[in-house]
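What follows is a set of notes on a single structure, which appears directly below.
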Amino acid sequence: MPDIAALKERVCRAIDAHYDEILALGEDIRVHPELGFKEHRTAGLVAERFAALGMAPQTRLAVTGVKAVLRGRSPGPTVAYLGELDSVLVRDHPDADPETGAAHACGHNAQIATLVALAYGLVEAGALADLDGAVALMAVPAEEYVEVEYRMGLREQGVIEFLGGKPELIRVGAFDDVQITLSTHQTSEDGPGRLGVSGASNGCVVKRIRYLGTAAHAGAEPFKGVNALKAAMLGLQGIDANRETFKDEDHIRVHPIITKGGALVNVIPDEVIMETYVRGASVEAILDAQAKVDRALQAGAMALGARVEITTLPGYLPRILHDDLTQAYRENVVALVGEQGWIEPRFGAGSTDMGDVSQIMPAIEATANGAGGTGHGADYCIRDPEMAYIAPAKTAAMTLIDLLSNGAARANAILARHKPAMTRDEYLAFLRRLARTSTWTPEPM
Ligand SMILES: [Zn+2]
Ligand SMILES: [Zn+2]
């Protein structure tokens, strides 16, 4: 039987041996941000490092994804470790790409550095020779749900079906051989602890709403028009009137914006475009809230005799906190940074496509306090490179060793107890049912 403590020690030493290189990689990616489904340079760096370590990476999974599998001494469960490739758009961030406005204001550059660090550790320490099952190292595209129009274009061209990276990877089968998933996200929140696991989170659906009225001279003949802006305003009021029906525990968030409110000030607006997310803590809560949102939006159209088109796109599903995996990860956090270093899981009202993965298999999104400033803000930075780039790779490696040593006993026990919220097929069918366009047209008077 291999000595687990010695194996963990060996892997951590191999990570430390590449300390400067890993920091340089994280910093290089930080100043070369790329938006989702366009992360070609970043994906190339990952594929290069994997190949240099003797792995045979698959590339271009869901456009830019990279995956390499390390096999243990005998067959068993595959545990994936993910690093997200994409950045966000923050034009006034000091390190924003001057052309695209992309900036690593969510710390995903650290995820890629961690992923590569984990590869160095596992490969150079020869860890898989003492483990059973396999480790899949995956660089994954497009976690941020942005540039919706661009992605709708990719969908029309048949390049993607879903607008997020992990849903798309699930669709193309990149998770078919994976039974458990681990990942790490940076946090810049002030609070006790340095490493932990993110709690359950909201999921969301995304809506694009188009009100269509009739243009007319706003001064001379407004009575000939149908005012799409007034219809939209009533729709927004209808949504607000429904807020008291949302239950606290469902954490519903509906936050619409108007992206086109009219064309000319002396013309009755004949087209108004809005977008909103409908977020909630469970699939049922999201479906309930989105039905009320659709009803309110239709009521606005009905009051004015305008037409409304509501296009609904699947966003991300709620993230489920997995207790057994959290416990396995916690033991290694405590070993690395002590009890006081542990960050207790907390509910997150935002949404991520790690939620989608957590619906179909045991998964955790660890959290590391290596960032500073405001998430998605112009002052976001890497405050603690050790905690951003190095420590999460060590805790992930140690957790992988716990899961896959001794005949992968711990991974198998977790899988035996786990009942997924959805199978992969149920998940894909659910997303496809969510995606639809509904139209309300007034009866002729
Ligand atoms: Zn983000
Ligand atoms: Zn993020």
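The values are calculated or read from the model by the stated rules, or taken from the named source; none is laboratory data. In this text the structure is predicted, and so the values were computed from the model without any measurement. Reconstructed Cβ throughout: ideal geometry from the backbone, glycine too, with neighbour counts over all protein chains shown. The protein model used for the area step is the full one, side chains on, heavy atoms only, and it has no ligands, DNA or RNA in it. Shrake-Rupley method; radii C 1.70, N 1.55, O 1.52, S 1.80 Å.
When the surface is traced with a 1.4 Å probe over the full set of protein chains, I268 keeps roughly 20 Å² accessible. Of the peptides 272-285, 404-417, the ranking by mean beta-carbon count within 10 Å, highest at the top, reads 272-285, 404-417. Helix 108-124 and the long axis of the chain differ in direction by around 20°, with both axes built from C-alpha atoms.
Computed from the C-beta positions of E275 and D3 and an R0 of 56 Å, the FRET efficiency is 0.50 to the nearest 0.05.
Computed 3J(HN,Hα) for segment 420-433, one whole-Hz value per residue from the Karplus formula 6.51 cos²θ - 1.76 cosθ + 1.60 where θ = phi - 60°, is x, 5, 8, 7, 4, 5, 4, 4, 5, 5, 4, 4, 5, 5, glycine and proline marked x. Segment 228-275 gives an Rg/Rh value of 1.12, both radii derived from C-alpha positions and Rh following Kirkwood. Treating the beta-carbon of each Lys and Arg as +1 and of each Asp and Glu as -1, no other charges, what is the dipole magnitude of the chain about its Cα centre, to the nearest 20 debye? Charge dipole, the chain, about its Cα centre: 1060 debye, nearest 20. Taking the Cα centroid of segment 373-395 and of segment 248-327, what is the distance between the two, rounded to the nearest whole Å? With segment 373-395 and segment 248-327 each reduced to a Cα centre, they are spaced 32 Å. In this simple spin-label approximation, T423 and V283 carry label points 7 Å from Cα along the Cα→Cβ vector, and these lie 1.3 nm apart. With semi-axes defined as the square roots of five times the eigenvalues of the C-alpha gyration tensor, the equivalent ellipsoid of segment 1-116 measures 30, 17, 11 Å, largest first.
Net charge in the neighbourhood of R410 (other residues with Cβ under 12 Å of its Cβ; Lys, Arg +1, Asp, Glu -1) is -3. Taking the chain as a Gaussian network, Cα atoms linked when under 10 Å apart, which of R433, R253, R30 shows the biggest mean-square fluctuation? The residue with the greatest mean-square fluctuation here is R433. Full extension of the chain segment joining D28 with V267 gains 81.0 nm, where the gain is 0.36 nm per residue of separation less the Cα-Cα distance.
Placing T78, T437 in order of accessible area, with the largest value first and a 1.4 Å probe, yields T437, T78. Here is how the number arises for the chain: DSSP H runs of 4 or more residues each give -39500 (n - 2.57), the sum is divided by the residue count, and the result at 222 nm is -12000 deg cm²/dmol. Average projection, convex hull of the Cα set of segment 70-151: 6.8 square nanometres. Going by a ≥ b ≥ c, the root eigenvalues of the Cα gyration tensor, does the chain fall in the rounded group (a/c under 1.5), the prolate group (a/b larger than b/c) or the oblate group? Cα axes put the chain in the prolate bin. Compute the Cα gyration tensor for segment 385-425, then decide on rounded, prolate or oblate, letting a ≥ b ≥ c be the square roots of its eigenvalues: rounded whenever a/c is under 1.5, prolate when a/b is larger than b/c in the other cases, and oblate in all that remain. Since a/c reaches 1.5 but b/c is at least a/b, the shape of segment 385-425 is classed as oblate.
Exposure check, 1.4 Å probe, all protein chains in place: I401 carries approximately 0 Å² of accessible surface.
Helix 228-242 against the longest principal axis of the chain: what's the angle in degrees, Cα atoms only, rounded to the nearest 10? Rounded to the nearest ten degrees, it is 60.
Along its three principal directions, the equivalent ellipsoid of segment 267-364 from the Cα gyration tensor extends over semi-axes of 43, 13, 10 Å, largest first.
Is segment 143-207 rounded, prolate or oblate when judged by the Cα gyration tensor, a ≥ b ≥ c being the square roots of its eigenvalues, rounded requiring a/c under 1.5 and prolate requiring a/b larger than b/c? The shape class here is oblate. Sorted on the mean count of surrounding Cβ atoms within 10 Å across their residues, most packed first, peptides 43-56, 165-178 read 165-178, 43-56.
The count of lysine pairs in the chain that are at least 8 places apart or cross chains, and whose C-alpha atoms lie under 19 Å apart, stands at 8. Simple spin-label estimate for T311 and R346 gives 3.7 nm between the two label positions (7 Å along the Cα-to-Cβ direction from each Cα). Each part reduced to its alpha carbon centroid, segment 411-445 and segment 6-84 end up 31 Å apart. Tilt of helix 40-52 relative to the longest C-alpha principal axis of the chain, in degrees (0 to 90, nearest 10)? Taking Cα atoms only, the helix is inclined about 20 degrees. Along each principal axis, taking the top coordinate minus the bottom one, the Cα set of segment 203-315 gives 51, 23, 17 Å in descending order.
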